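Here is the structure we will look at.
What follows draws every value from the coordinates through simple rules; no lab data is involved. Just so it is clear, the model here is predicted, and its values are computed rather than measured. Please note: Cβ atoms are built from the backbone with ideal geometry, for glycine as well, and neighbour counts cover all protein chains shown.
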């Protein structure tokens, strides 16, 4: 399950998992994000904030997650992973090979820095 909000001023989508990812999470997110992308052409960035990676409810949720990434990674310029979990650094290095967005890991006390990095050209 995820919480998310979109800052229209900065064009940043902020996602906070509050439990394992579910298939509906990505369907709901797609319904919210796609019209914003159509209107502006892309998002400045995405902030993924979590204490520890929550995992997925089931295989279907994992597949839906990967499809969401596949369908949206070219429309998001920067992704900030904000976490103290070691998976943040791993995700920065591994996913950068598969997505076109710039990806950077920030510690949990660096939220302002993550937002600043996204809005910088």
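Computed from the C-alpha gyration tensor, the three semi-axes of the ellipsoid equivalent to the stretch 44-89 are 18, 18, 7 Å, from longest to shortest. Taking every DSSP bridge with both residues inside the chain, close to 25 percent are antiparallel.
Approximating the spin labels as points 7 Å out from Cα along Cα→Cβ, the residue 89-to-residue 74 distance works out to 3.3 nm. For the pair residue 111 and residue 3, label points projected 7 Å from Cα toward Cβ lie 0.9 nm apart. Net length available on complete extension from residue 34 to residue 10 is 7.0 nm, with 0.36 nm assigned per residue and the Cα-Cα distance removed.
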